[in-house]
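Some notes on the structure that comes next.
Every read-out reported here was derived from the displayed coordinates using simple, explicitly stated rules and does not represent laboratory data. The model shown is predicted, which means the values in this text are computed figures rather than measured ones. Cβ sites come from the backbone with ideal geometry, for glycine too, and all protein chains shown count toward neighbours.
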Amino acid sequence: MGKQIVIIGAGLAGTTAARELSQRGQSVTLIDPEAGDTYERPPLSKHLFDDSRYHLPYHLEDSELITFVRDRAVSITLAEATPESQTEALFQPGSERLAGTVHLGSGETLDFTHCILATGMEANRPEIPGYPDALPVYNLGEAEWIRDFVAEATDPLNVGVLGSGYLGMEVATAAVAAGHAATVYLRGDEPLRRQLSAPVRRALFEKHKAAGVRFVTDHTDNADIPAGEHTLFVTSVGARPVRIPINGALPTTDEHSADPEGPAPGEVPTFAWDVDEHLATAYPGVWAAGDCAHITSGRFAIDHPWACEPVAESHGKYLAEHILGEDDDLTPRADGSAPSKPEPWSDVPWHWSFQGPEKVFTAGLTSPDAQDTVQRSDPSGTKFQVFHFAGPEPEAALIGVETLNWPPMQAAARRVLGADRPMPTRAQLEDPEFDFKAHSRL
Ligand SMILES: Cc1cc2nc3c(=O)[nH]c(=O)nc-3n(C[C@H](O)[C@H](O)[C@H](O)COP(=O)(O)OP(=O)(O)OC[C@H]3O[C@@H](n4cnc5c(N)ncnc54)[C@H](O)[C@@H]3O)c2cc1C
């Protein structure tokens, strides 16, 4: 028996893994109620009020090597958890070993030697007493509902937005850019408090206010949002991983909620699947990728899922290579030397958010509370980068970069962080004469 690879979730991580595996000649089963009709999510929050393309379908089709199962996975049982008599039957001498079984909503089951969890996240849905129709914009159905509503409106809309993370700011700024009014209700006194460092979030706050977005700060009670004021209401207060019980258990950790924005008030935190630097869960034969995975070790371990497109895609590619390469990794070398250790996942994570005309990027490890930073601007002062270091020492390593409205310099940051050579030093970055872009091309 060869590998029986089952991927749960046909979003970016799952689709990428399936495509890469099939391109290498490996058959794979992809489970998703919407398999074949899934799409990229980032355009959804950016194009609700304009005529641009608001979703990008993945062009992946059922084929000889890719089997779509249009169903929902409801649980997983591991082979090692089955009664001993059954387990015996699962071992196939000299071949791949069955690791477990996926149970589907239909009652059908699928055995696997390898399973990739790629179930993404689902939006939190707070109640807004004055706005029973309030909805997040997390999937195509929601985006289409809003676009239809916008298309039918004869007057400019008055849009209310609850939450001031990336998605909330994208919706509000897109509304204003299209000639509507937008009011953002936020918990603290500034937007993007959990996403971006002080210089970047403050610059964006000023730009969004100047563009006409209204902010109601220190908002705590949704019952205070005046009913009847807004013609459309969008909620954006984070999301949580979609989990499937394995041997009856869901992931828990005492340390961190999975949601980078934290649970919405009154909601119990949920947790992603903890994975190591090879994206392996604690369960043999089960990996996790994309938004439902929390990387706990390696260069890019953080305390919540990365939850961004480039990481989901990179995870999918990595797992395809890793799973197909595992036989090489286990085979002793002809010269008798030990097999090589598999490389950990190490692509530089990055994220973009387009908020009306403003374009903000992060690359590598950046923190909203960072103190150990150096800021560099273009001569006009309108575009700038914030360089994050591992500590206060002069020799501390560069670990991440934020970039506002300067796409070529974001590309330079990604090149530098991903390069296999020494990073520029803090002294170099503090020197106005230092050419970071030229350095990135060395
Ligand atoms: C509105 C919006 C805007 C965004 N904008 C940006 C951006 O500007 N930049 C950026 O970097 N990132 C952005 N993101 C984040 C990015 O889209 C995600 O990080 C990425 O889609 C994660 O991919 P994924 O494959 O892990 O999950 P998803 O793409 O969410 O796919 C998960 C899939 O799993 C399926 N699934 C769930 N449960 C089950 C089950 N039990 N059985 C079978 N299938 C199941 C779902 O149907 C879904 O198709 C945005 C996200 C949203 C929602």
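A few points about this structure:
- A Cβ-based charge dipole, computed about the Cα centre of the range 371-442 with Lys and Arg at +1 and Asp and Glu at -1, lands at about 360 debye.
- Cβ charges +1 (Lys, Arg) and -1 (Asp, Glu), total dipole of the range 351-413, debye: 280 debye
- The alpha carbon convex hull volume per residue for the range 364-442 rounds to 87 Å³.
- This model, with +1 at the C-beta of Lys and Arg and -1 at the C-beta of Asp and Glu, gives the chain a dipole about its Cα centre of some 1000 debye.
- Estimated distance in nm for a label pair at Glu144 and Glu343, the labels positioned 7 Å out from Cα along Cα-to-Cβ: 4.1 nm
- Each of Gln26, Ser63, His315 was placed along the dipole of the chain (beta-carbon charges, centred on the mean Cα), and the one lying farthest toward the positive end is His315.
- Each of Pro199, Pro156, Ile7 was scored by the projection of its Cα onto the charge dipole of the chain, and the greatest displacement toward the positive side belongs to Pro199; charges sit on the C-beta of Lys, Arg, Asp and Glu.
- A Förster radius of 41 Å combined with the Cβ-Cβ distance from Thr67 to Ala151 puts the calculated FRET efficiency at roughly 0.60.
- Between Leu78, Leu196, Leu162, the Gaussian network model of the chain with springs among Cα atoms under 10 angstrom shows the greatest mean-square fluctuation at Leu78.
- 5 angstrom amide H check on Met121, placed H, neighbours 5+ away: Val242
- Taking 7 Å steps out from each Cα toward its Cβ at Thr231 and Ser52 produces label points 2.3 nm apart.
- Pairs of Cα atoms farther than 29 Å apart, the chain, %: 52 percent
- Cleavage-rule hits (chymotrypsin sites (Phe, Trp or Tyr not before Pro)) in the range 380-442: DSSP loop, at most 16 neighbouring Cβ within 10 angstrom: Phe434
- What the Cβ-Cβ distance of Asp37 and Asp378 gives, at R0 = 51 Å and to the nearest 0.05, is a FRET efficiency of 0.75.
- With contacts taken as Cα pairs under 8 Å and at least 6 residues apart, the chain reaches a relative contact order of 14 percent.
- Label separation (Asp431 vs Asp221): 5.9 nm, computed from points 7 Å beyond Cα along the C-beta direction.
- Selected from Pro357, Met423, Ser377, residue furthest toward positive end of dipole (the range 350-440; charges at beta carbon): Pro357
- Exposure proxy ranking for Val150, Val171, based on other Cβ atoms within 10 angstrom of each Cβ and starting from the fewest, stands as Val150, Val171.
- Amide H contacts under 5 Å for Tyr185, placed H, 5+ residues apart: Val161, Leu162, Gly163, Val216
- Once the gyration tensor of the Cα atoms in the range 32-190 is diagonalised, the equivalent ellipsoid follows with semi-axes of 44, 18, 13 Å, ordered largest first.
- Considering only Asp32, Asp347, Asp148, the mean-square fluctuation computed in a Gaussian network model of the chain, springs between alpha carbons under 10 angstrom, is largest for Asp148.
- Note on the chain: with a GNM built from Cα contacts shorter than 10 Å, the maximum mean-square fluctuation among Ala280, Ala411, Ala272 falls on Ala411.
- Placing one equal scatterer on every Cα of the range 125-237 and applying the Debye formula, the log10 ratio I(q)/I(0) at q = 0.09, 0.18, 0.22 Å⁻¹ is -0.21, -0.88, -1.30.
- Within the range 403-434, backbone nitrogen closer than 20 Å to the virtual label 7 Å beyond the Cα of Glu393 toward Cβ: 421-430
- Over the range 102-161, volume per residue of the alpha carbon convex hull, in Å³: 143 Å³
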